[in-house]
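K.L.:
Got a structure for you, questions after.
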Amino acid sequence: MWIKATLSNIIKETDLTWKFVIKPESKFAFKPGQFVQIKINDLVRSYSIASYNSAIESFELLIVKLDGGKMTEHLFENAKAGDELEIKGPLGKFILPEEIEGDLLFICTGTGLAPFRSILQSIPLQNTSHKKIYLIFGTRTKNDILCQDEMNAYEKSIKDFKYIPVLSREKWDGETGYVHDQYLNLVKNNVLENPTFYLCGWRDMIKEARLNLKEQGFDSKKIKLEIYG
C-alpha cells in the first residue's frame, strides 16, 4: 500500500550524494536497517532508510546521483522541498537480531552506509546490548566520505564501536585500498568473537566479500547481504 509523503528537505552531503528528508503523512514505523520504496510520477526505486529516531516523524535517505538514472536525475535536478511523493514499506530483513551474541562487522561502500547509519543511531536510543562493532566504509576520495563527523562521534559515544574509513584512490592519514583488506586483517588477527558480517553496497564488492568470508570458513548464515545495483 502506498502512503502519501512530502519531501521536507534536501541536504548536500557531498557533490554527488545528497540527503533527502521524507515526512510521511501517516505513522510510519520501521526497524533500523530496513528500506523503503519511493514513487514519484511513474518512477519507483528502493532506498535504504539512513536514519532512526522514533520521536521524529520524518526519515532520511542517502542517495547518489547515477549517470542515466531517471529517478536520481529528477531528485538532483528538479526536486525541491515541499514536493509530494509516495512511499511503500518498510521492507527488508537487513536488521539486527533481538539478541546480539557476537561481534558485528558492518562492511559497506558509498551509500551502502545508509542502513548502518540507521542502526547506529538506534543503538543509544534503544539501549541495545552488544559486543564489539566495526564499521568498514569504503569510498574513493576524502571528498566522497559520508557522515564522517557523525561516525567519529559514535566512536566516542557507542561502547566498543570502531569506525574504519578506507580510500581507494587517494592517499591520506587513514587506511587506503579496499574494504576487503580491513575485514580480512581483523579475521586473520583473531580479534573477533563469533562475528556476524553485514554487507551493503555494490554487487561486485558484496560478491567478493562473501566469497572471501566463506573461504575463511564462515557459514552463510553469518553473512547478511543488502545489494545495490
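K.L.:
Go over the candidates Arg203, Arg169 one by one and state the one that is more than 23 Å from Leu96 (Cα to Cα) and of a type in the set (D, E, K, R).
P.N.:
Result: Arg169 is the single residue among Arg203, Arg169 that is more than 23 Å from Leu96 (Cα to Cα) and of a type in the set (D, E, K, R).
K.L.:
Restricting attention to the range 77-98, does a residue exist that is acidic (Asp, Glu), in contact (Cβ under 8 Å) with a residue 60 or more places away in the chain, closer than 30 Å to Lys162 by Cβ and out of contact with any His (no Cβ under 9 Å at 6 or more places or on another chain)?
P.N.:
Checked the range 77-98: no residue is acidic (Asp, Glu), in contact (Cβ under 8 Å) with a residue 60 or more places away in the chain, closer than 30 Å to Lys162 by Cβ and out of contact with any His (no Cβ under 9 Å at 6 or more places or on another chain).
K.L.:
Same structure again: Can you tell me which residue among Glu215, Glu150, Glu155 is more than 29 Å from Ile11 (Cα to Cα), surrounded by fewer than 15 Cβ atoms within 10 Å (Cβ to Cβ) and not assigned by TED's automatic domain parsing to the domain that holds Gly33?
P.N.:
Glu215
K.L.:
Name the residue, out of Asn189, Asn143, Asn127, that is at positive phi, over 17 Å from the mean Cα position of the chain (by Cα) and not β-branched (Val, Ile, Thr).
P.N.:
Asn127
K.L.:
Suppose we filter Ile95, Ile56 for residues that are touching a Lys or Arg at 6+ places or on another chain (Cβ under 7 Å), part of a loop (DSSP other than H, G, I, E, B) and aliphatic (A, V, I, L, M); which single one remains?
P.N.:
Residue meeting the stated conditions: Ile95.
K.L.:
If I filter the range 165-172 for residues that are over 20 Å from Ser51 (Cβ atoms) and free of Cβ contacts under 8 Å to residues at least 24 places away in the same chain, do I get at least one hit?
P.N.:
Looking for residues that are over 20 Å from Ser51 (Cβ atoms) and free of Cβ contacts under 8 Å to residues at least 24 places away in the same chain, one finds at least one in the range 165-172, hence yes.
K.L.:
Mind counting the residues in the range 5-23 that are of a type in the set (D, E, K, R) and either in the same structural domain as Thr111 (by TED's automatic domain parsing) or outside any strand (DSSP E or B) (or both)?
P.N.:
Residues flagged as of a type in the set (D, E, K, R) and either in the same structural domain as Thr111 (by TED's automatic domain parsing) or outside any strand (DSSP E or B) (or both) within the range 5-23 amount to 2.
K.L.:
Looking at the range 175-204, which of the residues that are modelled with pLDDT under 95 and surrounded by 15 or more Cβ atoms within 10 Å (Cβ to Cβ) is farthest from Phe116 (Cα to Cα)?
P.N.:
Checked the range 175-204; the qualifying residue farthest from Phe116 (Cα to Cα) is Trp202.
The values are calculated or read from the model by the stated rules, or taken from the named source; none is laboratory data. Note that the structure is a prediction, hence the values are computed from the model and not measured. Don't worry about glycine lacking a Cβ; one is built from the backbone with ideal geometry, like all the others, and counts go over all protein chains shown.
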